[in-house]
1. Quick one: which of Asp284, Asp342 is over 22 Å from Ile545 (Cα atoms) and either surrounded by fewer than 15 Cβ atoms within 10 Å (Cβ to Cβ) or at pLDDT below 80 (or both)?
2. Among the listed residues Tyr403, Tyr358, which satisfies the condition of being modelled with pLDDT under 85, assigned to a helix (DSSP H, G or I) and aromatic (Phe, Trp, Tyr)?
3. Show the residue pairs meeting these rules: Cβ distance below 7 Å; 6+ apart or different chains; first residue within the stretch 17-38 and of a type in the set (S, T, N, Q); second residue outside any helix (DSSP H, G or I).
4. Just give me the residues in the stretch 94-137 being under 28 Å from Leu67 (Cα atoms) and without any contact (Cβ under 8 Å) to a residue 12 or more places away in the chain, in sequence order.
5. What are the residues in the stretch 129-159 that are in a loop (DSSP other than H, G, I, E, B), more than 30 Å from the chain's Cα centre (by Cα) and of a type in the set (A, V, I, L, M, F, W, C), if any?
6. Does any residue of the stretch 392-399 turn out to be open to solvent by 20 Å² or more (accessible area, probe 1.4 Å), closer than 30 Å to Leu589 by Cα and more than 21 Å from the chain's Cα centre (by Cα)?
7. Looking at Pro301, Pro329, can you tell me which residue is at pLDDT below 85, open to solvent by 50 Å² or more (accessible area, probe 1.4 Å) and touching a Cys at 6+ places or on another chain (Cβ under 9 Å)?
8. Just the residues that are without any contact (Cβ under 8 Å) to a residue 12 or more places away in the chain and assigned to a loop (DSSP other than H, G, I, E, B), please, taken from the stretch 280-307.
Amino acid sequence: MARLAMLIDLTRCIGCDSCTLACKQEHGTPMDVFFARVLNVEAGTFPNVKRIYIPVLCNNCENPACLKACPNKAIFRREDGIVLIDQERCRGAGACVSACPYGNIILTDRDRWYLPDDRAYERDYVRPRLKEQVARKCTFCAHRVDEGLEPACVVACPTTARIFGDVEDPNSKISQYIAEQKQTTGREPFKLLPEAQTQPANMYLGTMAAQEVSTLEAPSAPSARWEEAKRQREPERVGVAAGAARLFAKITALWLLIMMLLFVLQAVAQQNGSAPTPAELYSDSSCAGCHGPTAMGGLGPPLAETKRSLEEFRKIVREGRGMMPATPPSEMPDAEIAVIHDFVQKTKLDPSQVPISYKVGQWLGTSQVTLIFSLVTLVWLVLTLRVLWYWADCAGWKQLQPYLRKFGYGRAMGVFLRSLVMDGLLVAHLWRRDRFRWAMHALMIYGFLALGLADILMSVFNPMRGSLPITHPLKLLPNLAGLAILIGIIYVRYRYSEDPYIDNGLTLSRDYAFLSLLTWTILTGFLVEGLGYAGAYVFIQPAYILHLLLVAGLFLTAPFTRFQHAFLVPVLMALTKVTSQVAYSGVELGFLNEPSPGRHHKSERIAEDVLRHVAPELAGKFRLRYYP
């Protein structure tokens, strides 16, 4: 499989910006949009001074940060490695702008053009090629590549500083050049910012005193690989693993619904039957759910041969204990409690019948479950902070610090918090573009928030989880929230199945993992509640354990699945807004002077990284010149 890449020989670049102009002419970009640019780096002080020109463009990474950060799946990776942005899918969230550690994605609120509006050519033929208020970047001139041509910047370079081709083909121009340089000059290519872990396709060759290598030949004729790339390819709808996950999720949901129906029918049949025996009365009671159908123990301790008096037994039933909720007289009358107490008191305890689940159940008391989920929360928090730290590093947060001091930390915090509310909580960017999508998104995000609120309110007003009517507010809130999430999940699954471009080439399996975990978590929550209303108490505790495990799994995997977008995308959008405000505030002219304002701090990081390879002694002593 082809892996397209570009090699840039820094010894050949003379900073003429022919590549920059060729790129703008090829793509017809506005004034503030530059897909290709050349960093003019002055390093050192007299007399030890060095000037280096660093051409920069999209690195079309193997593990692109921008793709993983995009909440709308507008960024996708082709089989040949080219990463593209679908302008029709992009909603202008801006998370990808901060996510790219190289500053190669541009998003502007308003396009500024070179010619007045009355100039017909630019107005009618240039401007319509790019959609406004969407993310843009270098495409490796994919439209040219598919026709067997080289990118415009490669063709325009007068010194052949850019070499383009398939790095996995040993006979390609780029592979032969790398091998030739290693043999004749001892130079080996390096990639930018390896700490970002994006595995960029582009490579650089460092400077040297002399270069004993012949000039590259003229571009060759299109190869068979280029001809193959020209043919139309139907996008894969979903991979085999994703299809299997969807099928398994559907079967699981169907099984849960069938089980709930059977339990309801069982409860109805029992109500219409003859008077139950004491053993049947016990096995159909909520006591059997924890203590086993024969009172020999289950996830709770054995009740056989209980030493508790009837009054003590009734008090525990009425007030609850540990994970056992309080049971009102409407669900278990005093007379029924007396029959059950008499039955378990007369039942002989057989130690050989005490199940191993009792030992497991000892860990499911209120304090134990609280401790377990406290540890789960701690692990989730550590993993989440680690993920946020990585993305903050991609956003160049460290390099932005000197300019934030000039801008004002309080002012920056105000911009950050406002963006968190408007773009994160209210999802304003989606509201402006697609209100139906916003509504479906709202069902999931606000449903999830409502579930968290319901759990807090339940802990405050009903800590023993006593039985409540289904119309009680503490029951209505989580049920409606769970229903909203399920509707949102159904819509997302429908969209995934119908959208032929939903597979961006990197994250689909993780997206389905999150959807499956969330689906099972909500369904098992409804299952536990349905079992209680159906009177199938024997199955409540196993179903509840499964529900708890799914909740723990959902949060522990959150930093690695699409669940991370719930906290990651708002933070990245807020960082984009802060950076934009710093750029246009004028506190540092570098942000305004650089093509496509807002990435000066990332350009400085790139310059420092290149200097570490070509002139380590000057890595911390340089400045960027945006004008000769």
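The values are calculated or read from the model by the stated rules, or taken from the named source; none is laboratory data. Because the structure is a prediction, the values reported are computed rather than measured. Because the Cβ atoms are built from the backbone with ideal geometry, glycine has one as well, and the counts that use them run over all protein chains shown. Ligands, DNA and RNA are excluded from the accessible area calculation, which covers all protein heavy atoms including side chains. Shrake-Rupley method; radii C 1.70, N 1.55, O 1.52, S 1.80 Å.
1. Result: Asp342 is the single residue among Asp284, Asp342 that is over 22 Å from Ile545 (Cα atoms) and either surrounded by fewer than 15 Cβ atoms within 10 Å (Cβ to Cβ) or at pLDDT below 80 (or both).
2. The unique qualifying residue is Tyr358.
3. Partner pairs satisfying both residue conditions: Ser18/Cys157; Ser18/Pro158; Thr20/Phe34; Thr20/Ala36; Thr20/Arg37; Thr20/Val38; Thr29/Phe35; Thr29/Leu130.
4. Across the stretch 94-137, the qualifying residue is only Pro128.
5. Leu149, Cys157 - these are the residues of the stretch 129-159 that are in a loop (DSSP other than H, G, I, E, B), more than 30 Å from the chain's Cα centre (by Cα) and of a type in the set (A, V, I, L, M, F, W, C).
6. The answer is yes, given that some residue of the stretch 392-399 is open to solvent by 20 Å² or more (accessible area, probe 1.4 Å), closer than 30 Å to Leu589 by Cα and more than 21 Å from the chain's Cα centre (by Cα).
7. Pro301
8. Lys307
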